[in-house]
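The values are calculated or read from the model by the stated rules, or taken from the named source; none is laboratory data. Source: prediction; values computed, not measured. Virtual Cβ from ideal backbone geometry, glycine too; neighbours counted across all protein chains shown. Please note that ligands, DNA and RNA were not included when accessible areas were found on the heavy atoms of the full protein model with its side chains. Shrake-Rupley method; radii C 1.70, N 1.55, O 1.52, S 1.80 Å.
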Amino acid sequence: MGPNGKALKHKLSHDTEREFGGTLGALCIPVFLPLTVLFLICTSRSPEASVLQWPPQLPSTVQLWDPLAPVVLLGWIGLHALLYLMPFGKVSEGLLLRDGTRLKYPINGFSSLCISAVMLMLLLGLGAPLGYLFELLLPLAASAIAASFLFSIYLYIRSFWAPSHALALGGNTGNPLYDFFIGRELNPRIGNFDLKYFCELRPGLIGWVVVNLGMLMEEVELRGSPSLAMILVNCFQLLYVADALWNEEAVLTTMDIVHDGFGFMLVFGDLAWVPFTYSLQTAFLVKHPQTLSLFKAAVIIALNGVGYYIFRKSNSQKNQFRRDLTHPSVAGLETIATATGKRLLVSGWWGLVRHPNYLGDLLMALAWSLPCGFSHLLPYFYVVYFTVLLIHREARDERQCRAKYGLAWDTYCRRVPYRIFPYIY
C-alpha cells in the first residue's frame, strides 16, 4: 500500500461514524448504567418497588461491600476460565478476518453449564446457603462493576500493541473516551484464550441463572416452597441460557464478535448488566410474591413457547444459510444477489420481517415479566429496555447493511418492508 493508501486508511479509521451518542455517550453511559444496576437492585427489594420514586433509591457504601463478594466473583470467573480450557467439545472456526485468517474457538459452553449445574446441586446437597446470594447481590454487583472498569482499562492499554488489522473498524477513532467505551481491539487474546468470546457466553450468562436459583432458594427459606411465578421465570430463563450455549457456535457470526471491539460496552454488559438486571424478575419476586392461576400460567407458558419457537427457528435458518448455502434446509429459499458476492434471504422466516429473531426475543421477554403481575412497573424494565436495545441494534444493522450491500439492500427492504413486528414496524 502506497503513502496515499495509508493516509486514506488512517483517515477512514478516524472518521468512522460514532455510535451510542459518540463522545457524550461514552462519557455518560459508563456512569449512568452502573448506577442503574444498583438502583434496580435496591428498588426490587424495597416495599414500594417504585421506579418512579424521587429521589431515586441508591445503596450506601456499607451496602456495597462484603469481603465475600469479590472472592465469589473472581472464583466464579476463574472456574469458567478453567472450564473454557478443558479439552472437551469441538473446535470451530470463526468468520474470515481482514488479514485473511480465521480464529479457532472451543465450543464447550453447554458442557460448562452442565458442570456448573452439577456443582451447584452438590453444594445444595451439602447444605450450602445459596439463598444468601439475595443478601450478597449488591456487593456482587458492585464487584462486577469494578471488575468491568479494571478489565476495560487493561483491554484499552493492551490494544496499542495490537497490529492494525486486529483493531475494530469502529473503535479506532483516536478519541480515548470513545475508543475505551466501544473497544479498540476486535478479538483480544492471551495465547489461544479469546477474552471477548469467553465473556460473551460464560461467566455472566451462566451467572444469571445462578442468581435466579439463589433467589428461588431465598424464597424457599422465607416461605417454605417456591411460588409458581418464581419457578416459571427460572425455567424460562434457564431454557434461554441453555439454548444460547447449546447453539454457542452461532455467536461467531453475530455483530458482537464480528464487528464490535471489546471495550467497556461489551465488558460491562457481559459481566455486570446481564447477570444483575436480567435476573430482576426473580429478585422482585423474593420480596413481592405473586399468585398465579393455572390458566394464567398456561397462557404465559404458551407465549414463551411461541416466542422461543420463532427465535430458535429463525436463528437456525440464518446460521445455516451463512455457513452453507447448499444445505437442504436453506437451498430452496429465495435470495437476492449482492455486489459483494453474498446473498440476502427474502423468504422463509427472513421474508416475514427483517429480524424475526428479535420478534421471538421480545415475546419471550414479555413472558418473563408477566408472572410478576401488573402491580409494579419494575419487572417490566427488561421488556422496555430490550425493546429499545433491539430497535437500536436493528438501526445499526440497517446502516451497516445499506453501506455494505447498496442497491441490493434497497431491493431487500422493498421485498421485506417490516423490520421486527409484522404490519406494525
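Distance from the Cα centroid of the stretch 353-382 to that of the stretch 215-249 is 16 Å (rounded to whole angstrom).
Ignoring solvent entirely, what values of log10 I(q)/I(0) come out of the Debye formula for the stretch 67-115 at 0.16, 0.21, 0.33 Å⁻¹ when each Cα is a single scatterer? Summing over Cα pairs of the stretch 67-115 leads to -0.60, -0.78, -1.13.
The fraction of all Cα pairs in the stretch 139-275 landing in successive 5 Å bins from 0 to the largest distance is 2, 10, 17, 19, 16, 13, 9, 6, 4, 3, 1, 0, given as whole percents. Loop-located chymotrypsin sites (Phe, Trp or Tyr not before Pro) in the stretch 68-108 (DSSP state other than H, G, I, E, B) with a sparse environment of at most 14 neighbouring Cβ atoms within 10 Å: Phe88.
Per 0.36 nm of contour for each residue apart, how much would the distance between Leu294 and Val220 grow if the chain were fully extended, relative to their Cα-Cα spacing?
Length difference between fully extended and current span is 24.6 nm.
Within the stretch 152-197, the percentage of alpha carbon pairs spaced more than 11 angstrom apart rounds to 63%. Spin-label pair Thr411-Tyr154: with each label point 7 Å from Cα along the Cα-Cβ axis, the two points sit 4.9 nm from one another. The spacing between the stretch 56-108 and the stretch 251-324, judged by their C-alpha centroids, is 18 Å.
Relative to the longest principal axis of the Cα atoms of the chain, helix 3-14 runs at roughly 20 degrees.
Between the DSSP loop rule and a limit of at most 14 other Cβ atoms within 10 Å, which chymotrypsin sites (Phe, Trp or Tyr not before Pro) in the stretch 332-415 are left?
On the way: sites: Trp349, Trp350, Tyr358, Trp368, Phe374, Tyr380, Phe381, Tyr382, Tyr385, Phe386, Tyr405, Trp409, Tyr412; in loops: Phe374.
In loop regions of the stretch 332-415 (DSSP not H, G, I, E or B), the sparsely surrounded chymotrypsin sites (Phe, Trp or Tyr not before Pro) are Phe374.
Among Ser159, Ser46, Ser148, the residue with the largest mean-square fluctuation in a Gaussian network model of the chain, with springs joining Cα atoms closer than 10 Å, is Ser46. Using a probe of 1.4 angstrom and keeping all protein chains present, the accessible surface of the stretch 292-424 works out to 50 square angstrom per residue. Taking max minus min of the alpha-carbon positions on each principal axis, the chain gives extents of 70, 49, 47 Å, largest first. For the chain, averaging the sequence separation of C-alpha pairs within contact (under 8 Å, six or more residues apart) and dividing by the residue count gives a relative contact order of 18 percent. A helix-only calculation puts the chain at -19500 deg cm²/dmol for mean residue ellipticity at 222 nm, using -39500 (n - 2.57) for each DSSP H run of at least four residues, averaged over all residues. For the stretch 200-333, the Cα-based Rg and Dmax, in that order, read 17.8, 56 Å.
Using a probe of 1.4 angstrom, how much of the accessible area of the chain is carbon and sulfur, in percent?
Details: 13700 of 19880 Å².
Of all accessible area on the chain, carbon and sulfur atoms account for 69 percent.
Between helix 294-323 and the chain there is an angle of about 20 degrees, using the helix long axis and the longest principal axis of the Cα atoms. Expressed as a whole percent, the proportion of Cα-Cα pairs in the stretch 310-425 lying more than 16 Å apart is 65%. Rolling a 1.4 Å probe over the protein heavy atoms leaves Glu48 with an accessible area of roughly 110 Å². Only protein heavy atoms count here; on that basis, with a 1.4 Å probe, Ser293 has an accessible area of about 50 Å².
Using the Cβ-Cβ distance between Trp65 and Leu126 with R0 = 25 Å, the FRET efficiency computed as 1/(1 + (r/R0)^6) comes to roughly 0.35. Taking Cα atoms, how many degrees apart are the long axis of helix 109-125 and the longest axis of the chain, rounded to 10 and kept between 0 and 90? Approximately 10 degrees, to the nearest ten.
Trypsin sites (Lys or Arg not before Pro), restricted to the stretch 79-180: which are DSSP loop and have at most 13 other Cβ atoms within 10 Å? Working shown, then result.
Working: sites: Lys90, Arg98, Arg102, Lys104, Arg158; in loops: Arg98, Arg102.
Listed in order of number, the matching sites are Arg98, Arg102.
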